[in-house]
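Each remark here refers to the structure printed beneath this line.
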Amino acid sequence: MRCRGDLWSPVYDYCKLLFNGIIRISRIMFIKLINKYNESLIRKGDFMKKIIVSLFAILLVFSLVACNQKSTNEELTIDIGDSDKFNREEINNAIKIVKDNFAFPASTLTKIWYDEEESDRNIKFYLENGKGEGTGVKPEDIIVLLSNFDVDDSEDNPVFSPGSYENYQWLLIRDNKDSEWMIDDQGY
């Protein structure tokens, strides 16, 4: 993951590891069960039941794989805005990093945007009073994106209450103009 200072990274990584382990064990147990059942079907010669069980097994495996995939948000609004500081590709690369690393449980990212005036204000604070103070990071290697997201009422998110959150900030840094953006800080 390319996040620094991301509170969700360890939780997300642990949950992902746990979920993948459960899926692997379930698949192994299911395959063993199917193999035993198939052996008994072969002995009985019931070909149609074997086909039905095989189709069911294939369907189950595809269902488990689909559940493990991260959903894509087709309703995500992206607004790049005007910039004298960054070109469109630089801003789009930063937006991609935020989209790829947005992993809040029970949450849906609804909007990401770049506002140069707001970004510059936050960069100034970051360099004078925040994590960037004394680090040597140059202002041209810092970008702040804003986002909105919704948290559903499933109570699966241990930090955010259900509802909509607006103007959530993502501060990204890079080593130089040719390097990739990394999330260095996020929040309000």
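Any read-out appearing in this document is the output of simple, stated calculations on the displayed coordinates, not a laboratory observation. The structure presented is a predicted model; accordingly, all values stated were derived computationally and were not measured. Cβ atoms come from the backbone with ideal geometry, glycine included; neighbour counts cover every protein chain shown.
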Where labels lie 7 Å past Cα in the beta-carbon direction, separation of ILE25 and ASP152 in nm: 2.5
A chain fully extended from ASP141 to ASP178 at 0.36 nm per residue, minus the present Cα-Cα distance, gains in nm 12.3 nm
Please give the length that would be gained between LYS85 and PHE56 if that part of the chain were fully extended, namely 0.36 nm times their separation in residues minus their C-alpha to C-alpha distance (nm, one decimal). 4.9 nm
Can you give me the distance in nm between label points at ASP120 and TYR37, each placed 7 Å from the Cα along the Cα-to-Cβ direction? 6.6
